[in-house]
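> Let me begin by handing over the structure; questions about it come next.
The values are calculated or read from the model by the stated rules, or taken from the named source; none is laboratory data. Keep in mind it's a predicted model, so treat the numbers as computed, not measured. Counting neighbours? That spans all protein chains shown, and the Cβs are built from the backbone with ideal geometry, glycine included.
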Ligand SMILES: C[S@@+](CC[C@H](N)C(=O)[O-])C[C@H]1O[C@@H](n2cnc3c(N)ncnc32)[C@H](O)[C@@H]1O
């Protein structure tokens, strides 16, 4: 399952990260997202309201079922077609009860079940294996955490200005709490890394790197994005800026410099590209402006001609037509108070306050967008 390069590094491409042979063109992603939203609307329109209410309330069972499948080890054990009884014996669980969980998993399309009580994995289950190179299993482990489930159940608190569902449920704001719980922080980092690999592939293809040499990923987690980007463009060097406790967990790799620190205080100078991938959406307008100002200061100090800031965030969907985007936004809302997705105009305003101007906005095949900013008064 794992592909390796000549120097033994794991190769992660679209097949490992997304389960597709190649990244789709941007127009295909857009078309698929629109079609999916339209089909969902048509299906919903045919359901009576009580069915929709119950279906909505029972959505929580998706999380519980995925977490349970992983906790009892189904993705690892089920590598081909198997009798449910045999699988239950190997897992050490009750066959009838496992059968009920697998029926739910089959209804959701995660496994296949035949009339003879045999079960087989579908691609979703394969992607959930702990050793899958895409690393998406970490999302199940992160979402199954008590603090995350408790924060989601306190969304109501966040409806009031200054209300923080995560802090109410867990006793401290998200990143402060994570600092006190290193194991859960590592799980969060691993979940972020799964998305980081995807963004690394997407950015490697979607932006021009020909004149770039040194790229800084601010809040880049444990380096999955940068390492993917560096593998795709061997002429690049990377600098990863992260909180000290996260920086300690970044693997040592050639061409990668790791800096533990606080991006609000200081961003390393001397890079030509500063990435902020899914970082600004964690912060209020004031904090996001402070962060961009710190980047602008680093650009001014480094005096690298043509330096740029690349902000990658989900596409805002003001009308809530795409369920996936709306769900991701609500999850973020439960975890980080003050967080928000922003439009191009809002980024332009934040940038202007920090001495940066938006030069272009590039739609990405992942469905996100990249805003490219330059210093308003370039050196
Ligand atoms: C939502 S995660 C995004 C991670 C990664 N960029 C991605 O897209 O997968 C935000 C990251 O910002 C980091 N972070 C939070 N506060 C920071 C600070 N003051 N300085 C540097 N990094 C910070 C967190 O540790 C976390 O890894």
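> Being surrounded by 16 or more Cβ atoms within 10 Å (Cβ to Cβ) and over 22 Å from the mean Cα position of the chain (by Cα) narrows it down to one residue among 91, 149, 125; which is it? Explain how you work it out, then say what you get.
Details: 149 fails: over 22 Å from the mean Cα position of the chain (by Cα); 125 fails: over 22 Å from the mean Cα position of the chain (by Cα).
Unique residue meeting the criteria: 91.
> Continuing with this model, one more query. If I filter the range 257-266 down to residues being near the ligand (Cβ under 9 Å from one of its atoms) and in contact (Cβ under 8 Å) with a residue 24 or more places away in the chain, which single residue comes out as nearest to the chain's Cα centre (by Cα)?
263
> Considering each residue of the range 241-256, count those that are more than 12 Å from the ligand (Cβ to nearest atom) and either exposed (fewer than 14 other Cβ atoms within 10 Å of the Cβ) or closer than 16 Å to residue 300 by Cα (or both), and give that number.
So the count comes out to 3.
> Which of the following residues is at pLDDT 90 or above and under 14 Å from the mean Cα position of the chain (by Cα): 335, 373, 364?
335
> Which condition number in (1) surrounded by fewer than 20 Cβ atoms within 10 Å (Cβ to Cβ); (2) within 15 Å of the ligand (Cβ to nearest atom); (3) at pLDDT below 85 is the one that residue 321 fails?
Against the list (1) surrounded by fewer than 20 Cβ atoms within 10 Å (Cβ to Cβ); (2) within 15 Å of the ligand (Cβ to nearest atom); (3) at pLDDT below 85, residue 321 comes up short only on (2).
> What is the one condition in (1) under 26 Å from residue 205 (Cα atoms); (2) touching a residue at least 60 places away in the same chain (Cβ under 8 Å) that residue 344 does not satisfy?
All conditions are met except number (2).
> For the range 269-295, what are the residues that are more than 23 Å from the chain's Cα centre (by Cα), more than 12 Å from the ligand (Cβ to nearest atom) and surrounded by fewer than 23 Cβ atoms within 10 Å (Cβ to Cβ)?
Within the range 269-295, 269, 270, 272, 286, 293 meet the criteria.
> With the structure loaded, tell me whether residue 80 is under 24 Å from residue 55 (Cα atoms) and in a loop (DSSP other than H, G, I, E, B) or whether it fails that test.
For residue 80, the condition - under 24 Å from residue 55 (Cα atoms) and in a loop (DSSP other than H, G, I, E, B) - is not met.
> For the range 73-83, does any single residue satisfy the condition of being touching a residue at least 12 places away in the same chain (Cβ under 8 Å) and under 30 Å from residue 226 (Cα atoms)?
Scanning the range 73-83, I find at least one residue that is touching a residue at least 12 places away in the same chain (Cβ under 8 Å) and under 30 Å from residue 226 (Cα atoms), so the answer is yes.
> Given the options 222, 168, 187, name the one that is in contact (Cβ under 8 Å) with a residue 12 or more places away in the chain and either within 11 Å of the ligand (Cβ to nearest atom) or over 14 Å from residue 148 (Cβ atoms) (or both). First the steps, then the outcome.
Working: 168 fails: either within 11 Å of the ligand (Cβ to nearest atom) or over 14 Å from residue 148 (Cβ atoms) (or both); 187 fails: either within 11 Å of the ligand (Cβ to nearest atom) or over 14 Å from residue 148 (Cβ atoms) (or both).
It is 222.
> Take the residues in the range 153-176 that are touching a helix residue (DSSP H, G or I) at 6+ places or on another chain (Cβ under 6 Å) and surrounded by fewer than 19 Cβ atoms within 10 Å (Cβ to Cβ); name whichever of them is nearest to residue 312 (Cα to Cα).
The residue in question is 173.
> For the range 152-245, which fully contained helices (runs of 4 or more DSSP H) count at least 1 residues that are under 26 Å from residue 292 (Cβ atoms) and touching a strand residue (DSSP E or B) at 6+ places or on another chain (Cβ under 8 Å)?
Result: 182-206, 224-232.
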